[in-house]
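Quick notes on the structure that follows.
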Amino acid sequence: MVSSSREKNAAPQHIDDQQHYGEFLSATGQLLFTFARERLCGKRDLFSRKLSCNPSFLFVFCTLIPRSKYFSMKKLLCISFILLTHWVSAQEKNIRIATRNISLLYGINHEGRLTQQYFGQQLQPATADTLAQGKQEAYVTAGMESLLDPAIRIVHNDGNPSLELKYSSHTSVKTNDDITTTTITLKDPVYPVTVILHFEAYYKEDIIKAWTEVKHNEKKPVQLTAYASSMLHLKADKYWLTQFHGDWAKEAGMQEQYLTTGMKILDSKLGVRANMLQSPLFLLSLNHPAEEENGEVLAGTLAWTGNFKFGFEVDEHNTLHVNSGINPYASDYTLKPNDVFTTPAFIFTLSAKGAGQASRNFHHWALNYGILDGHTPRLTLLNNWEATGMDFNEQRLTSLFGGAKKLGVDMFLLDDGWFANKFPRNADNAGLGDWEHNTTKLPHGLGYLVQEAEKQNIKFGIWLEPEMVNPQSELYTKHPDWILRLPNRAENYYRNQMVLDLTNPAVQDFVYSVVDKTMSENPGIAYIKWDCNRMLTNTYSPYLKEKQSNLFIDYTRSLYKVLDRVRAKYPHLPIMLCSGGGGRTDYGAMKYFTEFWPSDNTDGLERIYIQYGYSHFFPANTMAAHVTNWGNQSLKFRTDVAMMGKLGYDIKVDDFTEKELQFSRDAVTTYKRISDIVWYGNLYRLISPYKENRAVFQYTSDDQQKSIVFSYLMNIAKNDVFTMVKLQGLDPQKRYRINEINLFPGTHSSYHFDKLYSGDFLMKEGIQLVAGNGRSLSSNILEITAE
């Protein structure tokens with residue numbers, strides 16, 4: 001029976017069919033209108049999103065239309081193809097930043113804004129994270145409807161302090177088998193402002209770097225008053241934050257606290273010696289306090305050698321929002337049209353196996369990417385500071401070269417006090433800025449010392465502090481406009497010195513020339529210790545004039561410009577990053593340096609805590625650790641602690657007894673033999689000094705053939721009970737032999753490890769590391785080898 005044309009065009013008679021048919025017509029009309037409008041505007045992605053989330057249309061299409069007599073098979077196939085094309089396009093707007101074990105997924109909401117859909121462990125299958133329901137705007141802007149502390153705030157030419165960012169495009173490129181680079185471009189639909197979110201995902205290391213670019217095409221400069229590198233959103237029952245706080249000689253002390261509703265801020269406003277009180281590092285544990293090898297832990301750090309700010313905001317729904325970036329304190333930044341404001345990188349990892357795995361992720365990444373020449377052997381050294389201070393001459397220094405030779409170290413390092421003539425550097429109140437050798441102390445110059453060191457088959461290194469100036473100096477007199485100081489105010493001194501205005505290109509040239517002149521005139525110099533002993537206070541830049549709020553940021557950027565020039569000419573020269581101890585401890589600087597000085601405090605007992613703290617983010621070969629006379633511990637204890645980092649000495653070798661000299665010489669030999677395991681192995685912090693009156697660290701080679709265990713008893717109490725220590729990172733199937741090494745001459749090991757032990761036994765049953773009742777301030781180093 002053939003239907004009439006009227007019947008063909010008639011609406012369906014069944015009530016449900018009529019209802020769905022009406023819904024279908026309405027939805028289709030809306031979608032066609034949207035499609036036409038968005039295609040004309042070049043915004044096909046918005047149509048795709050509306051299609052993918054239109055339940056009426058999809059329901060009708062999937063359930064009613066296939067059995068309807070009003071649609072031919074040809075029409076159905078055509079409609080199906082169009083729907084499938086646009087559905088696939090909608091799904092492509094899931095933007096995934098992924099490593100081996102981490103997934104950070106972004107989507108675009110119906111308003112066209114970027115949202116964080118998921119952040120957590122990799123799920124199986126790989127697309128399972130798309131089922132997550134996260135809807136939080138990823139990079140929150142100021143001036144709009146959000147009540148959160150914003151990631152970015154901008155004031156436009158017309159005074160409008162708002163910014164709306166909508167998705168524009170994204171790219172993802174796999175640069176090699178480890179690194180994938182992703183960019184997400186966001187634009188304001190009203191003002192010509194573009195924000196680009198950058199990500200680098202390191203697949204093998206489980207590390208993600210995030211940074212942001214801001215640019216605009218307004219007619220005049222705009223003001224940036226907030227500019228986070230990253231904003232992350234987390235959902236858990238509870239949150240515990242660990243910060244790394246301290247002061248001179250007590251750096252990187254760990255403090256953990258439970259986060260309640262509201263805002264917690266970790267920051268620095270010190271400018272140059274920015275990390276003196278607070279290191280740019282944090283651990284964030286989800287659901288319970290941080291554990292070493294269990295639980296979910298976010299570890300983050302900012303690669304910036306200046307003011308930083310981490311904001312942790314727990315909202316009324318118990319969601320945590322983490323803003324990380326440059327501290328905008330006193331730093332409203334004037335951004336010219338077409339200029340690009342680039343934030344430093346926020347570097348982070350998310351571990352499902354506690355703080356220990358987070359640390360190992362950072363160590364692997366740092367050795368491969370984060371520090372200069374991460375896999376190049378480091379130099380052992382003897383420093384003169386504790387032996388001479390600034391009171392020395394050529395004869396006294398060259399006599400110390402013999403001490404370096406006796407120890408068997410690679411190098412002699414000449415510290416502060418070797419320069420300046422009109423205002424000689426005999427104390428810390430004079431000479432900084434006048435970088436010529438002092439002719440009274442060193443009549444034959446640095447070159448003579450280099451040659452004399454080489455005669456002893458040791459290298460020669462030198463101390464510099466090129467960013468600073470003493471008021472008692474020729475530089476201060478000749479270039480008063482090169483100094484950061486307030487007009488119409490009394491000068492402020494810290495360690496009797498002031499900071500040069502590195503934002504001035506002429507000062508940048510001068511600082512570079514200090515390094516270049518020293519190296520060019522003395523090409524045998526093999527090492528530099530770059531110091532920076534004060535922070536920024538009472539600060540005004542004669543060069544920046546009316547742009548004083550750019551100072552904190554431009555100083556750090558200018559420092560990087562100088563370091564770029566240094567590294568262009570001296571790409572592999574070992575340089576230690578020092579700042580009155582741990583005043584500069586960040587990966588923004590470490591790409592230019594081979595190591596850093598964690599603290600002026602070299603007391604063996606207190607160094608355990610300092611090195612323990614820094615070990616959460618930095619591998620052992622970056623942490624310079626010197627044996628000195630600080631502390632009341634034995635020479636062995638102090639040496640055992642220093643051997644856990646990058647070993648050096650700052651001590652009067654001639655004062656050693658015969659046995660002390662023999663022990664130290666043997667320790668250097670032992671250190672060089674085991675250093676590859678300590679520098680490049682996997683670190684397991686087996687016992688925390690914060691939990692017991694002892695500390696135990698284990699370094700294990702990647703092939704699980706060798707392991708080094710450092711065990712330290714601190715000031716133990718009468719009632720202390722020390723249980724068996726379970727090792728980690730070994731092969732359960734292999735059999736291991738245990739030997740104590742680095743024994744003091746004339747002593748014997750108190751251990752009786754006379755058997756072969758399976759890796760399974762050592763990790764599940766463990767070994768007793770305290771012989772007898774133990775003794776305060778004693779230490780042991782064990783070498784564990786597979787047979």
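Coordinate-derived values only; no laboratory data. This structure is a prediction, so every number in the text was calculated from the model and none was measured. Backbone-built Cβ (ideal geometry, glycine too); neighbour counts: all protein chains shown.
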Using +1 at the Cβ of each Lys and Arg and -1 at the Cβ of each Asp and Glu in the chain, identify which of Asn533, Tyr239, Leu500 lies farthest towards the dipole's positive end. Tyr239
Shape metrics for region 95-370, restricted to C-alpha atoms - Rg then Dmax, Å: 18.2, 54
Whichever lysines have a C-alpha closer than 25 Å to that of Lys478, once near sequence neighbours (fewer than 8 apart) are set aside: Lys422, Lys441, Lys517, Lys545, Lys547, Lys561
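For Cα pairs less than 8 Å apart in space and 6+ apart in sequence, what is the mean separation divided by the residue count of the chain, i.e. the relative contact order in percent?
Working: 1744 pairs, mean separation 66.7, N = 787.
This gives 8 percent for the chain.
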Which whole DSSP H helices in the chain pass both tests: a Cα extent of 18 Å or more along the axis and a mean Kyte-Doolittle value no lower than 1.0? 73-91
Counting Lys and Arg as +1 and Asp and Glu as -1, each charge on the Cβ, what is the dipole of the chain about the Cα centre in debye, to the nearest 20? 1840
If each residue of separation counts as 0.36 nm, what is the full-extension length gain between Lys545 and Thr334 once their alpha-carbon separation is subtracted? 74.7 nm
What does the convex hull of the Cα atoms of the chain come to per residue, in Å³, rounded to a whole number? 201
What are the lysines whose alpha-carbon lies under 24 Å from the alpha-carbon of Lys706, with same-chain residues fewer than 8 places away excluded? Lys204, Lys353, Lys636, Lys646, Lys672, Lys726, Lys734, Lys755, Lys764
May I ask you to compute the full-extension gain from Leu486 to Asp509, defined as 0.36 nm times their residue separation minus their alpha-carbon distance, rounded to one decimal in nm? 6.0 nm
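When a/c reaches 1.5 or more, the comparison of a/b and b/c decides; with that in mind, is region 420-507 rounded, prolate or oblate per its Cα gyration tensor?
Numbers: a/c = 2.79, a/b = 2.25, b/c = 1.24.
Because a/c hits 1.5 or more and a/b exceeds b/c, region 420-507 counts as prolate.
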Under 14 Å, Cβ to Cβ, from Asn601 - net charge with Lys/Arg +1 and Asp/Glu -1: -4
Please list the radius of gyration and Dmax for region 680-722, considering alpha-carbon atoms only, with Å as the unit. 12.6, 40
Dipole axis of region 95-370 (+1 Lys, Arg; -1 Asp, Glu on Cβ), positive-most option in Leu259, Phe346, Thr180: Thr180
Would you be so kind as to identify which of Ser285, Leu105, Tyr476 lies farthest towards the positive end of the dipole of the chain, taking Lys and Arg as +1 and Asp and Glu as -1 on Cβ and the Cα centre as origin? Leu105
At R0 = 35 Å, FRET efficiency that the Cβ-Cβ distance of Asn368 and Thr183 yields, to 0.05: 0.95
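In region 290-359, what GluC sites (Glu not before Pro) fall in a loop by DSSP, with at most 11 other Cβ atoms inside 10 Å?
Numbers: sites: Glu291, Glu292, Glu293, Glu296, Glu313, Glu316; in loops: Glu291, Glu292, Glu293, Glu296, Glu316.
Of the GluC sites (Glu not before Pro), the ones in loops of region 290-359 whose Cβ has at most 11 other Cβ atoms within 10 Å are Glu316.
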At 0.36 nm per residue, minus the direct Cα-Cα distance, what do Lys238 and Asp754 gain on full extension? Give it in nm, one decimal, please. 181.0 nm
Residues meeting the amide H criterion for Ser778 (H placed from the backbone, H to H distance under 5 Å, 5 or more places apart or on another chain) are Leu713
So if we plug the beta-carbon distance of Asn429 and Thr398 into 1/(1 + (r/R0)^6) with R0 = 25 Å, what FRET efficiency do we get, rounded to 0.05? 0.35
Lys204 versus Met263: modelled label distance in nm, points set 7 Å from Cα along the beta carbon direction: 4.2
Karplus (6.51, -1.76, 1.60) ³J(HN,Hα), θ = phi - 60°, over region 176-188, in Hz, Gly and Pro reported as x: 7, 6, 10, 10, 10, 9, 10, 10, 10, 9, 10, 9, 7
Over all Cα pairs of region 336-487, the Kirkwood radius sets Rh, and Rg/Rh then becomes 1.12
Determine ³J(HN,Hα), in whole Hz, for all residues of region 713-720 in sequence, where each value follows from phi through the Karplus function 6.51 cos²θ - 1.76 cosθ + 1.60 and θ = phi - 60°; x replaces Gly and Pro. 8, 9, 7, 7, 9, 4, 9, 5
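Could you compute the FRET efficiency for Ala126 and Met763, with r as their C-beta to C-beta distance and R0 at 41 Å, rounded to 0.05?
On the way: r = 31 Å, r/R0 = 0.76.
About 0.85, to the nearest 0.05.
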Computed on Cα atoms only, the convex hull of region 241-290 has an orientation-averaged projected area in nm² of 3.8
Any residue on another chain or 5+ positions along whose placed amide H is under 5 Å from the amide H of Ser229 is listed here as Ser324, Gly325, Ile326
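Nearest 20 debye, what's the magnitude of the dipole of region 95-370 about its Cα centre given +1 on Lys and Arg Cβ and -1 on Asp and Glu Cβ? Show your work: numbers first, answer last.
Numbers: 23 positive and 29 negative charges, 106 e Å.
For this selection, approximately 500 debye.
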Calculate the dipole size of region 501-619 relative to its Cα centre from +1 charges on Lys and Arg beta carbons and -1 charges on Asp and Glu beta carbons; express the result in debye to the nearest 20. 320
With just the Cα atoms defining each centre, how far is region 291-339 from region 574-627? Give it in Å. 23
Taking only C-alpha positions in region 321-376, Rg and Dmax in angstrom work out to 16.5, 46
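With a cut-off of at most 15 other beta carbons within 10 Å, and DSSP calling the residue loop, which GluC sites (Glu not before Pro) in region 688-766 qualify? Please list them. Please report the intermediate quantities before stating the final value.
On the way: sites: Glu692, Glu740, Glu765; in loops: Glu692, Glu765.
Those that pass, being in a loop and sparsely packed, are Glu765.
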Cα-Cα pairs above 24 Å in region 168-289: how many percent? 52
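Please go through region 740-777 and write out the trypsin sites (Lys or Arg not before Pro) that DSSP classes as loop and that have at most 14 other C-beta atoms within 10 Å. Show your work: numbers first, answer last.
On the way: sites: Lys755, Lys764, Arg775; in loops: Lys755, Arg775.
Taking region 740-777 and a limit of 14 other Cβ atoms within 10 Å, the loop trypsin sites (Lys or Arg not before Pro) found are Lys755, Arg775.
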For region 490-499, what does the Karplus curve 6.51 cos²θ - 1.76 cosθ + 1.60, with θ = phi - 60°, yield as ³J(HN,Hα) per residue in whole Hz, taken in order and with x for Gly and Pro? 5, 5, 10, 10, 9, 6, 6, 9, 10, 9
Report the Cα centroid-to-centroid distance between region 702-775 and region 159-229 in angstrom, as an integer. 50
Run the quick spin-label model on Tyr493 and Lys652: label points 7 Å from Cα toward the beta carbon, then report their separation in nm to one decimal. 2.9
Long-range amide H partners of Asn101 with built H, under 5 Å: none
Using Cβ contacts closer than 10 Å as the measure, can you line up Asp206, Asp731 from fewest to most? Asp731, Asp206
Label point at Thr319 placed 7 Å out along Cα→Cβ; residues across region 245-270 whose backbone nitrogen lies under 15 Å: 262
